[in-house]
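Asks: For reference, the structure I am asking about is given below.
What follows draws every value from the coordinates through simple rules; no lab data is involved. All figures in this text were calculated on a predicted structure; none of them were measured in a lab. Cβ coordinates were reconstructed from backbone atoms using ideal geometry, including for glycine residues, and neighbour counts include every protein chain displayed.
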Amino acid sequence: MTLSPILQHLKRTTEAQRSRRVFGWWSLRGLEVARPQPKSLSPCRPCLRGAPLPLLLLLSLGVAACGDTTLFDPMERQPKYKAYSANPFFADGRAMRQPPAGTVPRERQTLRPEITAGRGRDGVVVTSIPIPVTRELMDQGRAKFEIHCALCHGLVGDGVSLVATQMSLRPPPSLHQIRDAGPGHIYQVLTDGYGLMASYAAELTPQERWAVVAYVEALRRSQAATVGEAPPEIQRKLREEPAR
Ligand code: HEC
């Protein structure tokens, strides 16, 4: 007898074993998982052995639906305090702590009060925008204005908005008719709030506040501009428009 039939047989056997190893878990006999898994693989396998496939699918759906990620990531299971939870260790009973007094975020600008507070070192409100006014700044200002301000002051800042019609006590004014429309004043309003209007210091960084100030200025100019002030191609377009 030559060696080749034996080799052939061996090859066939190992191939069959390999495919069973790969597909064994899924191959069904009736509705049962056919191949028992080695015990050492996972502590959960023996209990699933012999479970019908639909049950396994249902189980995995259930696990996915309940969203308990600690099931897959044991490192999430650890003693810890979550935001807003209580902690009797501290006198105020809260787990969240205040940063030590005087702490500032690394990215916060602190040495240019005219930029951060809109006032010079002498405490006087600035009369011009203290950062370079670029096209990007204007675009940012427009985006932020339309998100945070337009709902009350109107898309062009003229005070015409749905919210304004519902505010009887003090409707948001037209930003083109306020007494002091200087950039410094508008920056103060955004930083500290103004009468009924809340501060936007938490929503907008100093740079974003200046961007809004610049855009409000552009809106104000646009509302009082003559056709002659527009760029030539806009002038042409405006003159071609039928008078309303
Ligand atoms: C919820 C509505 C509301 C939103 C949103 C809002 N405002 Fe106001 N704003 C008001 C009201 C109301 C007043 C008048 C407050 C008063 O006189 O008590 C006011 C006042 C102002 C003033 C001062 C006007 C003056 O008389 O000097 C400025 C400037 C201003 N808003 C700009 C803005 C800008 C810029 C934004 C966007 C970041 C904004 N507001 C967002 C309601 C709003």
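Asks: Scanning the stretch 178-204 for residues that are part of a loop (DSSP other than H, G, I, E, B) and among the acidic types (Asp, Glu), which turns out surrounded by the most Cβ atoms within 10 Å (Cβ to Cβ)?
Replies: Within the stretch 178-204, the first condition is being part of a loop (DSSP other than H, G, I, E, B), and the residues that meet it are 178-182, 193, 195-196, 198-204.
Narrowing the set further to residues that are among the acidic types (Asp, Glu) leaves 180, 203.
Numbers: ASP180: 10, GLU203: 13.
Here the answer is GLU203.
Asks: Okay, next question. Which of (1) surrounded by 13 or more Cβ atoms within 10 Å (Cβ to Cβ); (2) more than 14 Å from GLY141 (Cα to Cα) does PRO231 not meet, given it meets every other one?
Replies: All conditions pass for PRO231, except number (1).
Asks: Further, regarding this structure: For the structure I just gave you, tell me whether THR226 is out of contact with any Cys (no Cβ under 7 Å at 6 or more places or on another chain), more than 11 Å from the ligand (Cβ to nearest atom), closer than 18 Å to ILE129 by Cα and not basic (Lys, Arg). Please lay out each step first, then the result.
Replies: On the way: out of contact with any Cys (no Cβ under 7 Å at 6 or more places or on another chain): yes; more than 11 Å from the ligand (Cβ to nearest atom): yes; closer than 18 Å to ILE129 by Cα: no; not basic (Lys, Arg): yes.
No.
Asks: Another question, then. Which condition from (1) surrounded by 14 or more Cβ atoms within 10 Å (Cβ to Cβ); (2) more than 8 Å from the ligand (Cβ to nearest atom); (3) not aromatic (Phe, Trp, Tyr) is the one that LEU151 breaks?
Replies: (2)
Asks: Which of the residues belonging to the stretch 184-199 are without any contact (Cβ under 8 Å) to a residue 60 or more places away in the chain and more than 9 Å from the ligand (Cβ to nearest atom)? Quick ask: steps written out before the conclusion?
Replies: Within the stretch 184-199, the first condition is being without any contact (Cβ under 8 Å) to a residue 60 or more places away in the chain, and the residues that meet it are 186, 189-190, 192-199.
Within the stretch 184-199, ASP192, SER199 meet the criteria.
Asks: Please indicate, with yes or no, whether at least one residue in the stretch 108-130 is over 20 Å from ASP192 (Cα atoms) and acidic (Asp, Glu).
Replies: Of the residues in the stretch 108-130, the ones over 20 Å from ASP192 (Cα atoms) are none.
So far as the stretch 108-130 goes, no, none of its residues is over 20 Å from ASP192 (Cα atoms) and acidic (Asp, Glu).
Asks: Pick from GLN207, GLN235: which is on the phi < 0 side of the Ramachandran plot, in a helix (DSSP H, G or I), in contact (Cβ under 8 Å) with a residue 40 or more places away in the chain and among the polar types (S, T, N, Q)?
Replies: Result of the check over GLN207, GLN235: GLN207.
Asks: In the stretch 170-183, what count of residues is obtained for those that are near the ligand (Cβ under 8 Å from one of its atoms) and not β-branched (Val, Ile, Thr)? Before the answer, list the steps.
Replies: Quick first cut of the stretch 170-183, residues near the ligand (Cβ under 8 Å from one of its atoms) only: 170-173, 175, 178-181.
Narrowing the set further to residues that are not β-branched (Val, Ile, Thr) leaves 170-173, 175, 179-181.
Qualifying residue count for the region: 8.
Asks: Also: Just to be sure I understand, how many residues within the stretch 130-147 are buried (at least 19 other Cβ atoms within 10 Å of the Cβ) and not in a helix (DSSP H, G or I)?
Replies: Looking only at that region, the number is 0.
Asks: Also: On the basis of being closer than 30 Å to ARG106 by Cβ and not charged (D, E, K, R), does GLY193 make the cut?
Replies: Details: closer than 30 Å to ARG106 by Cβ: yes; not charged (D, E, K, R): yes.
Yes, satisfied.
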